[in-house]
Structure formats: C-alpha cells, structure tokens
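Down below is the structure, laid out as structure tokens.
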Amino acid sequence: MAENDKLTEDKIFEAATKVFIEKGMDGARMQDIANQAGINKALLHYYYRTKEKLFTTVFEITARKVFAKFAPVFDENLSLEDKIRFFFKEHIAFLQDNPRLPGFILNEVNRHPERIRKILSSVNFESFFIKLYEQHKDEFQKYNITPATLPQIMVSMAAISVFPFAAKGIIEGILGKIDMKFNDFIEERKEFAAEFVINAISK
C-alpha cells in the first residue's frame, strides 16, 4: 500500500508540476492536475486537500532538487573559480531541461510575492553566504569580495544564466538576425558566462 501511495504521489507531483508551469497557480485547476495524472479528482483531494497545499509542495520539492544539484558549490576542495564554472555549467544545463521554469517562478513572484516569501522563509540563505565566505576568505580578500557584496555577485550570476530562458523569444529573434541558433548560443554561454564573471571579479 505504501508503495502504491508513493507511485500515486509521484504521478501527482509530475502532473502538478507540468500544469502549474503551463498555467500558473491561479490558472491551474485541480481537475486539470487530476486529468494529467490519470486519476480522479476525489483521489487527488485525498492526497492534497487544497490547490495551495499542492502548489507549496511542488515549489518546495523543486527548490530542494535545485539546491541538491548545486551541493558541490559548497565542496571545500573546489576553488572559487572552479565553483563559478561548475555553477554555470550545471545551472544552465538544468534550465535547458526545464526551460519554462524561470518564467513560471518570475510570474508567481510578481503575482503573489507574499506566497513565495512564505515558502522560502524556511531556507537559511544567510548560512550559504557565511559558509562560502569561510571557505574562500583568502580568495574573497584577493577579489575584494565582502559579505555585503557576495549576495550581489550571486544574484548577478543567477540572472546571467536565467535571463536567456526568461526572454527566449526575444533572444531567438535577435540571434536569428546573425544566423545563430539559440541552443548553440546556450552551449557557448556555459563557458562564456563563467569566464565573464571570473574576469569581472578579478579587476
């Protein structure tokens, strides 16, 4: 029974993720999610009483998967420059597999910032900054990175990799004028973005 429950929950999670990304929190209906999962609505409500609870679960699990994927960023054996290269390689690859995720998150943040803040309230971002600073204190001093500027750098790095996917339609149009494919541009960006940031903090 427990195994069947797990399989059903996995089906619901996959279906809900797809529907929420396509339609957003407000546009999604529980019936849509039940149809996508191939189950009846009553069974969906048995596992998740409300759409809000299901949305929170999807968002939290997705966030945990993202954080787990980037756990090597906190590996003490990697230099700061290696971590920057790792981040862009893995983050952009993740976005290639989930190209609609940035638009979904940005839309939800803009429409319901209080909901996203509540979901993220349990994440201790300060500990991430502290851990990185402790691991790379000498390198941070070399590059003149302080605890106050580290969040600026990290947000800038995320923006550099996320923006092409959030504005894919516009960028594809621009690239088309120089006969360049979006996928080729993204592959090149994994290395270009890393070197761009490394050069920027080295000045």
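The values are calculated or read from the model by the stated rules, or taken from the named source; none is laboratory data. Since we're looking at a predicted model, the values are computed, not measured. Cβ: placed from backbone, ideal geometry, glycine included. Neighbour counts: every protein chain shown.
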Among what's in the stretch 62-89 and is outside any helix (DSSP H, G or I) and hydrophobic (A, V, I, L, M, F, W, C), pick the residue that is surrounded by the most Cβ atoms within 10 Å (Cβ to Cβ).
L78
Of (1) of a type in the set (D, E); (2) at pLDDT 90 or above; (3) under 27 Å from N77 (Cβ atoms), E126 satisfies all except one. Which?
(2)
State yes or no: is R49 of a type outside the set (S, T, N, Q), closer than 22 Å to N98 by Cα, surrounded by fewer than 19 Cβ atoms within 10 Å (Cβ to Cβ) and out of contact with any helix residue (DSSP H, G or I) (no Cβ under 8 Å at 6 or more places or on another chain)?
no
Inside the stretch 164-201, can you point out the residues that are without any contact (Cβ under 8 Å) to a residue 24 or more places away in the chain and of a type in the set (A, V, I, L, M, F, W, C)?
A167, I170, I171, I174, L175, I178, M180, F182, F185, F192, A200
